[in-house]
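Chemist: Have a look at this one before I ask anything.
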Amino acid sequence: FATMFPTISEAIDGARVSVGVEFFNRWMTPIGMTLLFLAGAAPLLAWRKTTRERLWNQFMIPLGCAAVTIAVLAVFVPASRALTPIFADSAVIHVFGYTIDLARLPISLINFGLCAFVFGSIGQEYIRGVFVRQRQTGSDPFTSLIGLVLAKRRKYGGYIVHLGVAVLFIGFAGKTYGRMIDRTIDKPLSVETSELTDLHKQLANERAHPTHDQDAMVRDLEQRVRKLEGAHSFDFGDYTFRYDTLIHSSDDHKDAVTAQVSVYRGRELIETVYPAKWDFHKGDGQMTTEVAIKVLAAEDVYVVLTGYDLDTNLANFRVYLNPLILWVWVGFLVMAFGTLVCLIPQAVVDKLQWKPRTRLGRAADVGLMIAIIAGLLAGLASQARADTPAEHVTPGMGMGQAGGGFAAQNRPNNDTAAKAMKELICTCGCARQDIYDCDCKTAADLRLQVMSLMGQTDASGKPLYDLTTEAGRQQAYDAVLAAFSKEYGGQVLATPKSKVSWLFPSLAAIGGLGLLVVVGRRWLSRGDATNKAQAHSGAKPAEDETYADKLDDELSKTD
């Protein structure tokens, strides 16, 4: 729908309205949350046998896991309560004197709760399955687990895939906490290497030959070193990025301009990265951006060379801090492992059914299986890597010989300006980036226009918009969007403002939820009717009927 939206909008009201990245993001958030919930809910529903009692018994533990996770994160991790726009920017209602914005929800917090729901759901399925398997075979829990998975590879391999989906969503949640900064540095540290080397030599000499006033001299030298290095570096988050040098190289295929950047955490050098611009000789005249990525356990650090000037060695850098991205790759590996389990041939299972006579022999078989699985996962892990994103921008927009620094120009000086910039699409013809992210000259000029509109004053010099109040900020935001829409047309907005734009998403969401309710009620009614019929006939219910009736028919013939 979102891809076809321009054509649909034109058919409905005659206006062809394009959409930006933010429109897709807002669309996919509720859809993604629904799919994540179903990844945990579907395994809990016995096919056409669900009753109200069983439904409660099945969902009680996973829902408890979700509730505990949400409560703990909300209390101990305040950042998890960050609000994310859903569909529109705001839908404010006033209840008993309180202002509630229905369009902004703590999606990240809900996401973590749903991930815990999936973990609880799948874990519960495995634990109950192992207990049934133990009763049937009398074996130990680990052997029962292996036998359970091998006996029903598609079912329990599919559960592993569901776990992988939940782990992926943990990585997706990191987008909420992602940060970006642009900085322009006039020259690299390499142009002052000789002076810095002399200072370091003097510092080493003072420390090696102490004098009565050594402390004062050492402090002075250390201060001069920090000042010299600080002119070529900037801080962001927990890191310091030092611009060391700019390298221009050429080969038979391309010209390359590469920046050397040292990344420090405190005083520790954690990585030296090399963001670059490549201009291929046989290309279409566009340059590509080669992003330098440092993968860390808590977050990924992306360093981008967005512009440069070879004559002065000026360079502009954009840095992204993307938390939890590692979990996306972990989730991929878990999904791949689940798929692998589903694809294990029956012939392999038959060979593994030979039972060694000794405990040592059984342990060796288990060890061999674990080694095989670990080897396959290691092979997958070695192939998993983040593809280096490339930006294609026409020369003359802050790239290469056209000069650098546009991305760092006219950055927003308040949250309202930043919000407006993220809602406005750059008019330069790029891939519909908003002017907050776009690094071309046009975007820099449009950012200046946004701040000029917000900074307008009346005849007495008083600001038109009071940005210290919520009402003033909303008024300024609406005025900027209205001014841009009037000058550039509706195409400039990343998310359409007409009610028709959100009619189909709303109908789809309401219709989908209604369908689930109708089907669910029919399943519950059918399950209750079956139970009543069994009660009237005097039939004896199955042992542990909350789960055994789902597994006995599958496991009764397995050994």
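Rule-based calculations on the coordinates, nothing more; no lab input. Worth saying up front: this structure is predicted, and the values here are computed from it rather than measured. Using ideal geometry, Cβ is built from the backbone for each residue, glycine included, and neighbour counts are taken over all protein chains shown.
Chemist: Order 274-281, 464-471, 257-264 from most to least packed using the mean count of other Cβ atoms within 10 Å.
Modeler: By packing density, highest mean first, the sequence is 257-264, 274-281, 464-471.
Chemist: Out of residues 5 or more away from GLU299 or on other chains, whose amide H comes under 5 Å of its own, with H placed 1.01 Å from N in the peptide plane?
Modeler: LEU324
Chemist: Could you give the nm distance between label points at ASP186 and VAL68, where each point is 7 Å from its Cα heading toward the beta carbon?
Modeler: 5.8 nm
Chemist: Working out 0.36 nm times the residue gap between ASP458 and HIS248, then minus their Cα-Cα distance, what length gain in nm do you get to one decimal?
Modeler: This chain segment gains 70.6 nm when fully extended.
Chemist: Let me ask something else. Which of the listed residues, THR306, SER249, PHE280, is farthest toward the dipole's positive end in segment 248-310, when Lys, Arg count +1 and Asp, Glu count -1 at the beta-carbon?
Modeler: The residue sitting most towards the positive pole is THR306.
Chemist: Placing unit charges on C-beta atoms (Lys and Arg positive, Asp and Glu negative, everything else neutral), compute the dipole magnitude of segment 234-305 about its Cα centre in debye, rounded to 20.
Modeler: Roughly 120 debye, rounded to the nearest 20.
Chemist: Here is a follow-up. Can you pick out the pairs among LYS175/LYS419; LYS187/LYS254; LYS277/LYS422; LYS187/LYS441; LYS175/LYS422 whose Cα atoms lie more than 19 Å from each other?
Modeler: LYS187/LYS254; LYS277/LYS422; LYS187/LYS441
Chemist: List every residue whose amide H lies under 5 Å from the amide H of ILE270, counting only residues 5 or more places away in sequence or on a different chain, with H placed 1.01 Å from N in the peptide plane.
Modeler: Residues meeting the amide H criterion: VAL263, TYR264, ARG265.
Chemist: Based on the Cα gyration tensor of segment 410-487, what are the three equivalent ellipsoid semi-axes, each the root of five times an eigenvalue, rounded to whole Å and given largest first?
Modeler: So the equivalent ellipsoid measures 23, 12, 11 Å along its semi-axes.
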